[in-house]
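Structure first, commentary second.
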Amino acid sequence: MLAGLLGALAIGLSLGLLGSGGSILTVPVLVYLFGQEEKVAIAGSLAAVGSIALAAAIPYALRRDVDWRNVLWFGIPGMFGTYAGAWVANFISGVAQLALFAAVMLLAAIMMLRRPPHVDPGDSHRHPFKIVADGLGVGALTGIVGVGGGFLIVPALVLLGGMGMRAAVGTSLVIIAMKSASGFVKYLDVLDRFDLTLDWQVLGIVTAAGILGTFAGNLLSGKIPQSALRRIFAIFLLFMGAWILWRTLPQVI
């Protein structure tokens, strides 16, 4: 239980600091520390991370570090994409979902390390149709792997939208909360199909500890340079993706 609580605090710290990493940590915490089945952990992750992300977004919104235009054009299509992706998850095994999850994390990490973001004021006003397409694509993929999607949203906002890292983090948190809610609703059908149930006590503990962790993450985010945040984010993805892939790939093969 102690390890699980520490893991939950790390989830909140990651979300508050990086606008991502919540599901990257929550799924392994629920699977490996609380012994939950993969699909149960994925569904529970959406519920917990969505709640934690919503709490973590409030300080960013108060500091005006949320781009509401991208929330609208990226987040709402992302909700539809996530719902559709969660439906596809009916036909994919839990282990395969985790392996795909890890592979996408590695791809996002490589993108962030190889392409330092260049903030161009012109890029921050991309055509709404392009933002909608990004939201649908990221939403569908994150729905399939069952995560909030910050590890894809932040690179998309930084690399494709030309946003600064701090604004991308705040915007990502709002979008994560929106998409997690949409994906969770559909995942209830997935759990019903496989005759699985959520452990609400565990989710309550993880969510409460995660919200506490966001306080520390929010405090640290204002004291660390954006370029350092980007590198921390990419390296974090690289190590976590490699670890999860190492644990799951033998079962898929």
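Semi-axis lengths, largest first, of the ellipsoid equivalent to the range 195-245 are 28, 19, 6 Å, with √(5λ) applied to each eigenvalue of the Cα gyration tensor. Projecting the Cα positions of Gly217, Trp200, Ser45 onto the charge dipole of the range 2-252 (unit charges on Cβ atoms of Lys, Arg, Asp and Glu, taken about the Cα centre) puts Gly217 furthest along the positive direction. Between Gln36 and Val31, the built amide H atoms are under 5 Å apart, and every one of these is 5 or more places off in sequence or on another chain. Each residue of the range 188-198 was assigned a 3J(HN,Hα) from its phi angle through the Karplus curve 6.51 cos²θ - 1.76 cosθ + 1.60 (θ = phi - 60°); the sequence is 4, 5, 4, 4, 5, 5, 9, 6, 10, 10, 7 Hz, with glycine and proline shown as x. Taking a ≥ b ≥ c as the square roots of the Cα gyration tensor eigenvalues, the range 144-222 comes out oblate, since a/c reaches at least 1.5 and a/b does not exceed b/c. Compute the signed sum of charges (Lys and Arg +1, Asp and Glu -1) over the other residues within less than 13 Å, Cβ to Cβ, of Ala102. Summing Lys and Arg as +1 and Asp and Glu as -1 gives 0. The aspartates and glutamates within cross-link reach of Lys130, meaning a Cα-to-Cα straight distance under 19 Å and a gap of 8 or more places when in the same chain, are Asp67, Asp120.
Highest average first, the peptides 176-187, 41-52, 77-88 ordered by how many other beta carbon atoms sit within 10 Å of their residues are 41-52, 176-187, 77-88.
In the chain, if the dipole is taken from +1 on Lys/Arg beta carbons and -1 on Asp/Glu beta carbons about the Cα centre, which of Phe184, Phe80, Ser14 is farthest to the positive end? Of the options given, the answer is Ser14. In this Cβ point-charge picture (+1 for Lys and Arg, -1 for Asp and Glu), the chain has a dipole of about 700 debye about its Cα centre.
Loop-located trypsin sites (Lys or Arg not before Pro) in the range 205-253 (DSSP state not H, G, I, E or B) with no more than 16 neighbouring Cβ atoms inside 10 Å: Lys223.
Bear in mind that the values in this text are calculations on the coordinates, not laboratory data. Computed from a prediction, not measured in an experiment: that's the story for all the values here. Neighbour counts are summed over all protein chains in view; Cβ atoms, including those assigned to glycine, are modelled from backbone coordinates with ideal geometry.
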